[in-house]
Amino acid sequence: MKILILISSALISISSLGQTKTDSLSLLPDSTKHLILNEVVISSSRIPESILRSPVSIEQLKYTDAKNMGAPTCFDAIENTKGVQMITPSLGFKVINTRGFSNTTNVRFTQLIDGIDNQAPHIGAPIANVLGANDLDIDKIEIIPGTASALYGLNAINGLANIRTKNPFTYQGLSFQQLTGVNHVGNIDNVSPQLYSTTNLRYAKVLNSKFAFKINASYTNGNDWISDNRTDLAPTLNSSTNLFGVDNPAFDEVNSYGNESSNRKTLTLNGKKYVVARTGYREIDITEYNIQNYKGDFGLVYRPKEGRELSLTYKGALINNIYQRSNRFRLEDYTLHQYALDYNTNIFQVRAYLTQENTGKSYNLRSLAENMDRSFKSDNQWFADYTTAYNNAIAGGASVAGAHKIARENSDNGRFEPGTDAYNQKKDKLTNINNWDYGAALRVKSSLIHSEGLLNWGKLFPEFFNKIGTQLLSGFDYRTYIIIPDGNYFINPVDSAKNLTYAKSGGFIQLNKDLFNKKLRISATIRADKADYFNWKFNPRVTAIYSPEEAINFRASYQSGYRFPSIFEGFSNVNSGGVKRVGGLKIMSVGVFENSYTKASIDAFQAQVTKDMNTIGLTQAQAIENNKGMLKKNPYTYLQPEFVRSFEFGFRGLAIKKSLLIDVDFYYNSYDNFIAQVESSIPNTTNSDSIPTYLYSKLKQSRYRLWTNSKSKIYNYGASLGLKYRYNDNFSFIGNITYSKLDRTDDKDGLEDGFNTPLINLNGIILTENIWKKLGASITGRYQTKYDYVSFLVSGEVPSYWTIDAQINYKFEKAGLSAKLGATNFLNKPYYTILGGSSVGGLYYFSLTWEINK
């Protein structure tokens with residue numbers, strides 16, 4: 001029996017069954033049973049190099065390793081990788097991040113498939129792996145935890161993941177995988193157990209010495225995790241009248257919508273001021289949690305001669321699941337298409353691709369909830385009815401809390417109830433109205449056109465560059481976003497008949513030099529980027545790696561990176577619940593910054609006025625006059641690119657007769673011009689004396705949420721440690737721990753993004769091979785500390801959690817068949833990775849993978 005104890009992202013590699021394979025790179029020991037030194041990565045320098053001599057931190061996860069973990073898919077297994085934080089807004093939408101400032105739309109982390117960006121254009125980030133490779137086509141995943149902007153641009157200031165797929169010339173044959181499982185076991189969240197299924201297919205064929213092709217298809221069907229957090233987000237709004245908890249008439253549950261700040265009003269009831277919210281709807285009552293995701297791709301590869309390859313690829317996806325950003329959305333018939341052409345030799349590479357996005361019949365859950373209420377009864381009528389019913393209840397002898405309950409029941413009499421025909425008909429109507437002031441539809445069509453090239457001067461002039469011991473690499477890229485204005489999410493303020501366009505271009509030069517008999521390698525990179533509406537920005541990267549011996553490597557690096565605003569941050573124009581979310585480019589928000597007051601000061605002003613009226617008996621006019629000095633003009637202005645400086649030091653090497661692999665890194669980052677949002681209002685008057693009175697009433701002000709830059713300067717640091725010790729053929733130990741810390745914030749204005757990262761993240765796997773014949777098993781443990789989560793949807797503390805995944809597998813090698821019985825969150829203890837997201841329970845599954853040569 002072989003026993004391997006592993007705590008990390010990388011496992012001892014197990015050869016895949018039934019695939020024709022010429023690439024033998026592996027973490028398996030060589031004939032001396034020591035860890036081999038020839039693991040090769042590409043992403044860290046954009047040229048092949050030993051992972052031990054990578055000048056920056058890089059992690060690698062192979063499919064052959066991932067399939068022996070408890071995770072149901074290779075993408076899910078990334079969560080076990082050193083330095084990676086994965087959040088789960090929903091079962092079909094998981095988000096990768098490294099080194100802090102995580103959020104559900106992670107525009108600071110870039111996700112590539114064979115070097116091709118798989119983001120949804122209008123979002124500016126990928127929707128998990130919905131357009132990515134299925135498990136059968138993944139060769140390995142390379143992850144750079146930290147800034148990668150100098151070589152890639154692409155806003156990769158937090159990191160980058162490059163999923164490398166299998167070339168049909170190298171891996172051919174037919175592969176089929178069926179995973180069937182069940183979640184919601186134990187009736188957690190009052191949902192009975194539900195089936196979950198993923199079907200994957202891959203077929204690759206070498207036609208002759210010049211042509212090969214591959215086809216992949218995948219279908220996932222199941223029932224999503226439930227989001228039903230009932231914590232009150234407005235617990236103190238009626239504290240001056242001693243109304244708390246369910247007695248609070250402004251009660252606002254995390255996953256209940258239509259009862260947020262824009263759905264509240266301050267009412268004078270029986271001589272007291274109360275903040276009252278409309279009732280709204282819980283998420284579980286207004287959306288579907290079924291998952292139906294389809295994806296597929298076709299690739300044709302042509303090799304005119306040795307060392308040259310032309311590939312044509314198509315990828316497509318149809319998505320039906322929950323998505324989360326500042327609101328929660330139901331993606332329905334959401335489609336992505338991608339077309340790519342790539343030609344590469346050992347000297348140069350050129351690539352071009354087009355990504356097209358159509359949001360289909362998707363809708364906004366918050367807009368659906370609040371407009372469902374307003375379709376039943378207008379806000380003015382509802383609050384008038386509430387006032388009348390409350391006063392009548394008090395006159396009849398009811399308590400204050402009882403009167404509020406009676407007033408709500410009376411005002412809601414006749415509202416649309418989920419599950420009824422009337423509700424369903426109204427929902428169908430609202431989800432097809434593309435205006436969030438009175439509808440809920442999300443109707444966006446967008447495209448991304450990208451081209452890039454790479455030239456290896458050392459391969460073009462090998463004699464010269466080999467003589468001077470130098471490598472020279474240069475590259476360029478150009479990208480254009482095209483958005484079709486829909487009149488709600490996006491408009492063209494200059495010409496409504498024309499599409500919005502947003503272009504970026506850039507290039508880099510990288511020089512590597514070996515010194516002291518190749519023991520020291522230094523590298524210098526300079527990148528220049530230009531985006532519409534902004535000046536040229538320059539990003540340097542300087543690295544050094546010192547290798548006194550082949551198995552001992554010290555590294556250090558400095559680099560900077562710019563992140564240009566995404567399409568949504570720059571150009572949005574969304575009406576949502578009485579608040580217009582406006583892009584931060586001057587073309588979209590001219591005049592708003594200059595004439596508005598911050599919501600934070602308005603909220604404090606309104607609360608103090610109400611308190612003074614309730615507690616010391618001032619009239620409204622007196623209280624407004626006394627507190628008008630609390631109002632603050634908006635100090636922010638139009639968007640500028642976000643900027644990060646990053647220092648990193650690390651060591652990777654082998655010790656104890658090459659049986660212990662050590663991988664450690666330390667980093668320190670500073671951020672300027674953090675792109676964030678500020679809420680502000682413009683009073684609907686030009687009379688300066690009337691401004692405080694107008695800002696006390698929500699009906700007399702125009703409310704905005706603006707993309708801008710925080711004035712704060714933010715510093716964070718962290719470290720990660722990975723150890724792998726191979727005692728003998730039967731026993732190995734691998735461990736990693738990641739530490740992430742927000743150091744300090746200078747000139748803090750409260751506008752910066754939340755760090756949203758646990759202080760400590762720990763992963764662990766115990767794996768046994770050949771318990772009996774080809775029977776194997778593994779158990780995975782993960783732990784993370786609690787952390788503060790900040791977002792526009794909800795803010796608060798995410799509790800710490802630990803969870804266990806497990807699996808057993810059996811390989812029928814002659815038949816090319818492998819079976820796996822596994823579970824994630826094996827103990828079925830629900831936990832949250834973010835607030836507002838899903839409660840993650842246990843998923844129990846059985847998979848069969850059948851692979852046939854040729």
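The values are calculated or read from the model by the stated rules, or taken from the named source; none is laboratory data. Being a predicted model, the structure only gives us computed values, none of them experimental. Don't worry about glycine lacking a Cβ; one is built from the backbone with ideal geometry, like all the others, and counts go over all protein chains shown. Note: accessible area is taken over every heavy atom of the protein model, side chains too, but ligands, DNA and RNA are not part of it. Shrake-Rupley method; radii C 1.70, N 1.55, O 1.52, S 1.80 Å.
Overview of results
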item: 3 or more residues buried (at least 19 other Cβ atoms within 10 Å of the Cβ): qualifying helices (runs of 4 or more DSSP H) within the range 589-690; result: 599-615, 620-627
item: Residue, farthest from the chain's Cα centre (by Cα), within the range 25-49, restricted to residues that are at pLDDT 50 or above and either open to solvent by 40 Å² or more (accessible area, probe 1.4 Å) or among the acidic types (Asp, Glu) (or both); result: Asn38
item: Search result, residues across the range 359-418 that are in contact with a helix residue (DSSP H, G or I) (Cβ under 7 Å, 6 or more places away or on another chain), of a type in the set (Asp, Glu) and not in a helix (DSSP H, G or I); result: Glu417
item: Subset of the range 442-451 [surrounded by fewer than 22 Cβ atoms within 10 Å (Cβ to Cβ) and either assigned to a helix (DSSP H, G or I) or not β-branched (Val, Ile, Thr) (or both)]; result: Arg443, Lys445, Ser447, His450, Ser451
item: Criterion violated by Asp612 - all others in (1) of a type in the set (D, E, K, R); (2) in contact with a Gly (Cβ under 7 Å, 6 or more places away or on another chain); (3) free of Cβ contacts under 8 Å to residues at least 60 places away in the same chain satisfied; result: (2)
item: Single unsatisfied condition, Ser227 versus (1) in a loop (DSSP other than H, G, I, E, B); (2) in contact with a Ser or Thr (Cβ under 8 Å, 6 or more places away or on another chain); (3) hydroxyl-bearing (Ser, Thr, Tyr); (4) surrounded by fewer than 21 Cβ atoms within 10 Å (Cβ to Cβ); result: (4)
item: Selection count where residues are among the charged types (D, E, K, R) and without any contact (Cβ under 8 Å) to a residue 60 or more places away in the chain, scope the range 801-854; result: 2
item: Segments classed as strands (runs of 3 or more DSSP E), wholly inside the range 522-584, with at least 3 members that are of a type in the set (A, V, I, L, M, F, W, C) and open to solvent by 10 Å² or more (accessible area, probe 1.4 Å); result: 537-549, 552-563
item: Exclusive hit being more than 30 Å from Leu365 (Cβ to Cβ) and acidic (Asp, Glu), set Glu797, Glu851; result: Glu851
item: Filtered residue count, the range 802-854, keeping only those that are in contact with a helix residue (DSSP H, G or I) (Cβ under 9 Å, 6 or more places away or on another chain) and open to solvent by 60 Å² or more (accessible area, probe 1.4 Å); result: 1
item: Among residues of the range 484-537, those that are without any contact (Cβ under 8 Å) to a residue 24 or more places away in the chain and closer than 16 Å to Pro565 by Cα, counted; result: 2
item: Neighbours by Cβ (under 6 Å, 6+ apart or cross-chain): first from the range 680-699, over 21 Å from Leu267 (Cβ atoms) and touching a residue at least 40 places away in the same chain (Cβ under 8 Å); second of a type outside the set (Asp, Glu) and part of a helix (DSSP H, G or I); result: Ser680/Lys599; Ile682/Asn595; Pro683/Ile691; Pro683/Tyr694; Pro683/Leu695
item: Every residue from the range 245-258 that is free of Cβ contacts under 8 Å to residues at least 40 places away in the same chain and not small (Gly, Ala, Ser); result: Val246, Asn248, Phe251, Asp252, Glu253
item: Qualifying strands (runs of 3 or more DSSP E) (wholly inside the range 173-223; at least 2 residues being farther than 20 Å from Asp76 by Cα and open to solvent by 40 Å² or more (accessible area, probe 1.4 Å)); result: 194-206, 211-223
